Amino acid sequence: MIIGIQMGATSGCAVFERGGGGILYAASEERFTKKKNDSGYPSRAIEDAILSCGITGEKIEKIVLASQKVSPVQFLCDAGDYSIDDWLKEQKKYWKPKLMEEENVCYFDVFKDKIVHCAYPDLLDLVEREAEEKWAELWNEWRIEKVSKDFGVCKDKVAVVNHEFGHAAYGLYGSWFEEYEDVITVVCDGYGDESNASIYIHTNGKLEQIVKYTDFNIGRIYRYITLLLGMKPNEHEFKVMGLAPYANSYIYEKPLEVFRNAYRFENGKIIIDSELKDNYFYFKERLEGMRFDGIAAGLQIFTEEMLRQLIAFWMQKTNKSKCVISGGVALNIKANMEIGKMNCVNDLFVTGSSGDESLCIGSIYAYLDRENRGDEITKIPTMYLGGSIGDDEVEKVLVEYKGNPRYIIISNPKADKIASYIADGYILGRAVGRMEFGARALGNRSIIADPRKQETVTIINRKIKNRDFWMPFTPSILKEDEEKYLDNPKGFQFPFMALACESTDAAKQELKAALHPADFTVRPQLVTEEMNKGYYDLIKAFRELTGVGGVLNTSLNIHGYPIVRTAKDAMEVLEQTDLDGMIFEKYLIVKNVN
């Protein structure tokens, strides 16, 4: 077995078994701690992986850690739990003096309040006694020591791989492309070990980096404009993306000009405004007085333009016709859609949840590629890689609900019974089988509703999810109804909700609550019987009742918390919100309205 560990932004653990086993397990720490984007040491995910996969020291071939040169400062300060005020403090007290005033500022001095409660005092003591240029090396040594002890192996069995290379390996080897020779792999991230954008091709059985950029800063700009708009970096970028389609050209043309003047792509190089010294205060000054929706739209259009120019240039240079996108910026599903429309792109694939959370898998793939063993990797056929909810677990949780007049418990409900509730307007949670890995709920930890009813959006936003009104929902669609609902002339595959698509007239009628209300684009999940039979059967039963081959799907969680993991977590959401019921493998629990 090979174990992959991500520590930092959305920490997690993954397990690979050679000989056709592929990825046996992958989960992020946040699902166990209920702390959104938990960036700490993934001890709970590691414990669950060991238990779920029967890992022993003798079975472990290698443990692979992601990122070689990243500083541990945000790990030590628990940046995954930063408030908006903390992110503003970082800009004002650290980056501004450091970048604009050329002062020597220590990150730990700025965040003294964080390190007082540091969970890793031994690591903190190490780095505080050494010069800053040695911090990444010390963190590597500390991580190697810690995981070797936790897994009971010698330190020689632990390797560390490059951050960007992990993204590239995840994107390419996790993709559904059968051959790699005609594929260009594009990595774009907020930051990495050595670059924030890089281009790879697959040659002689291995990934080869052909260029890297240290100044392709669209990921970082998106993060800090998110902050400028009063939202939380590394978490609410999707809200900015969702807001963008509401602004018209009159509103966004001035902000767009600001972004275009700051950075532009010419002949393979980045041209930067000579006055730009940072990516927050520069834009704060120039965007002052401009409308929030126009800023969001200008940022999104600028991001799409820069990515299209980068990819078109290097596809022409390499004479490739297929594209894989990975890294945090690949979570921008609307940019992915626009990339797919380019004439030079014949096919496009984005592997599920490709931000830093994916590095626990990507590090494994990077290690295998580096060892000339890329042929041992099989595509990721499904994102259902976490722990499963068993019948015994459900029955134990339901003990306290039996006899409670507020709930009706239905045993062994058929798919058509559940579908009838959805068709009647019930909004149901579904907590069945193995948990999805990553940022998207794909039916096993989801909230399911009728996509025909626009009022459903308001109910979910106000009474269940506490979401912003402008944010769209998404549909899970039967694969055989793809042509009915998706305008997909190039035949892209949509298994993981990783890119958007234009919708058809039929979708605008039958799936209207699951489309973006401003531009009617769709972020679909195409469901097959092979991938998820229970979910497929439910949607098929809904189609037999209504003629509609899709359901509205959003993640099963309360706003600000991670997607649920256990039956107990699911029932807590049911109790604390106006959700109408919960689907388990052998039970349907609905609230008694009488």
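One residue alone among P475, P413, P405 is within 18 Å of the chain's Cα centre (by Cα) and on the phi < 0 side of the Ramachandran plot, and that residue is P475. Scanning for something at pLDDT 95 or above, in a loop (DSSP other than H, G, I, E, B) and more than 23 Å from the chain's Cα centre (by Cα), does the range 189-200 turn up at least one residue? So far as the range 189-200 goes, no, none of its residues is at pLDDT 95 or above, in a loop (DSSP other than H, G, I, E, B) and more than 23 Å from the chain's Cα centre (by Cα).
Tally time: how many residues in the range 115-134 are open to solvent by less than 70 Å² (accessible area, probe 1.4 Å), touching a residue at least 40 places away in the same chain (Cβ under 8 Å) and assigned to a helix (DSSP H, G or I)?
Number satisfying all stated conditions: 3.
Scanning the range 356-381 for residues that are crowded, with 18+ Cβ neighbours inside 10 Å and more than 19 Å from E179 (Cα to Cα) returns D356, E357, S358, L359, C360, I361, S363, I364, Y367. The residue that is surrounded by the most Cβ atoms within 10 Å (Cβ to Cβ), among those in the range 48-71 that are among the hydroxyl-bearing types (S, T, Y) and under 20 Å from W139 (Cα atoms), is S67.
Test K453 against the criterion of being in a helix (DSSP H, G or I) and touching a residue at least 12 places away in the same chain (Cβ under 8 Å), and give yes or no. Judged against the criteria, K453 is not a match. Scanning the range 394-426 for residues that are among the β-branched types (V, I, T) and open to solvent by 20 Å² or more (accessible area, probe 1.4 Å) turns up V397, V399, I408, I409, I410. Does A45 fit the bill of being touching a Gly at 6+ places or on another chain (Cβ under 8 Å), in a helix (DSSP H, G or I) and open to solvent by less than 10 Å² (accessible area, probe 1.4 Å)? Criteria met by A45.
For the range 245-286, the set of residues classified as among the hydroxyl-bearing types (S, T, Y) and either exposed (fewer than 13 other Cβ atoms within 10 Å of the Cβ) or under 22 Å from S198 (Cα atoms) (or both) consists of S249, Y250, Y263, S274, listed by residue number.
The residues of the range 142-160 that are open to solvent by less than 20 Å² (accessible area, probe 1.4 Å) and in a helix (DSSP H, G or I), listed by number, are R143, V147, S148, F151.
Checking the structure you have, find out if any residue of the range 473-480 is of a type in the set (S, T, Y) and open to solvent by 50 Å² or more (accessible area, probe 1.4 Å). Checked against the condition, which is being of a type in the set (S, T, Y) and open to solvent by 50 Å² or more (accessible area, probe 1.4 Å), the range 473-480 yields no hits at all. Which condition from (1) open to solvent by 40 Å² or more (accessible area, probe 1.4 Å); (2) at pLDDT 95 or above; (3) under 30 Å from A514 (Cα atoms); (4) within 28 Å of the chain's Cα centre (by Cα) is the one that N234 breaks? Going through (1) open to solvent by 40 Å² or more (accessible area, probe 1.4 Å); (2) at pLDDT 95 or above; (3) under 30 Å from A514 (Cα atoms); (4) within 28 Å of the chain's Cα centre (by Cα) one by one, N234 breaks only (2).
Of the residues making up the range 514-544, those that are buried (at least 22 other Cβ atoms within 10 Å of the Cβ) and among the hydrophobic types (A, V, I, L, M, F, W, C) are A514, L515, V522, L526, V527, L538, I539, F542. When A297 is tested against (1) over 16 Å from Y200 (Cα atoms); (2) surrounded by fewer than 16 Cβ atoms within 10 Å (Cβ to Cβ), exactly one condition is not met: (2).
Taking the criterion of being open to solvent by less than 30 Å² (accessible area, probe 1.4 Å) and part of a loop (DSSP other than H, G, I, E, B), the residues of the range 10-36 that qualify are T10, S11, E29.
For the range 516-592, give me every one of the strands (runs of 3 or more DSSP E) that falls completely inside it and has 1 or more residues that are out of contact with any Leu (no Cβ under 9 Å at 6 or more places or on another chain). Before you say what the answer is, go through the steps one by one.
Details: elements: 525-527, 550-555, 581-583, 587-591.
Of the strands (runs of 3 or more DSSP E) lying wholly inside the range 516-592, those with at least 1 residues that are out of contact with any Leu (no Cβ under 9 Å at 6 or more places or on another chain) span 550-555.
With respect to the stated conditions, E483 is within 26 Å of T351 (Cα to Cα), free of Cβ contacts under 8 Å to residues at least 24 places away in the same chain and outside any loop (DSSP other than H, G, I, E, B). Open to solvent by less than 10 Å² (accessible area, probe 1.4 Å) and in a helix (DSSP H, G or I): is that true of Q74 in this structure? No, not satisfied. In the range 300-315, which residues are β-branched (V, I, T) and open to solvent by 10 Å² or more (accessible area, probe 1.4 Å)? Result: I301, single match.
When you check G429 against the structure, is it among the small types (G, A, S), on the phi < 0 side of the Ramachandran plot and surrounded by 22 or more Cβ atoms within 10 Å (Cβ to Cβ), yes or no?
Values: among the small types (G, A, S): yes; on the phi < 0 side of the Ramachandran plot: yes; surrounded by 22 or more Cβ atoms within 10 Å (Cβ to Cβ): yes.
Considered against the rule, which asks whether it is among the small types (G, A, S), on the phi < 0 side of the Ramachandran plot and surrounded by 22 or more Cβ atoms within 10 Å (Cβ to Cβ), G429 comes out as yes.
Of all the criteria given as (1) outside any loop (DSSP other than H, G, I, E, B); (2) over 28 Å from the mean Cα position of the chain (by Cα); (3) within 30 Å of T185 (Cα to Cα), the one not satisfied by K277 is (1).
Scanning the range 219-237 turns up one or more residues that are among the aromatic types (F, W, Y) and within 29 Å of K98 (Cα to Cα). Within the range 453-472, being aliphatic (A, V, I, L, M) and either open to solvent by less than 60 Å² (accessible area, probe 1.4 Å) or under 25 Å from G174 (Cβ atoms) (or both) holds for V457, I460, I464, M471.
Identification of helices (runs of 4 or more DSSP H) wholly contained in the range 303-398 with 3 or more residues that are more than 30 Å from I5 (Cα to Cα) and in contact with a Leu (Cβ under 7 Å, 6 or more places away or on another chain) yields 333-340. With respect to the conditions (1) within 18 Å of the chain's Cα centre (by Cα); (2) open to solvent by less than 30 Å² (accessible area, probe 1.4 Å); (3) modelled with pLDDT of 95 or more, L331 lacks only one, and its number is (2). Of all residues in the range 566-587, those that are in contact (Cβ under 8 Å) with a residue 60 or more places away in the chain have Cβ atoms under 7 Å from Cβ atoms of residues that are assigned to a helix (DSSP H, G or I) and basic (K, R), 6 or more apart or on another chain, in T577/K463; D578/K463.
The values are calculated or read from the model by the stated rules, or taken from the named source; none is laboratory data. Keep in mind that this is a model prediction, so the values were computed, not measured. Backbone-built Cβ (ideal geometry, glycine too); neighbour counts: all protein chains shown. These area figures cover heavy atoms from the full protein model, side chains too; ligands, DNA and RNA do not enter into them. Shrake-Rupley method; radii C 1.70, N 1.55, O 1.52, S 1.80 Å.
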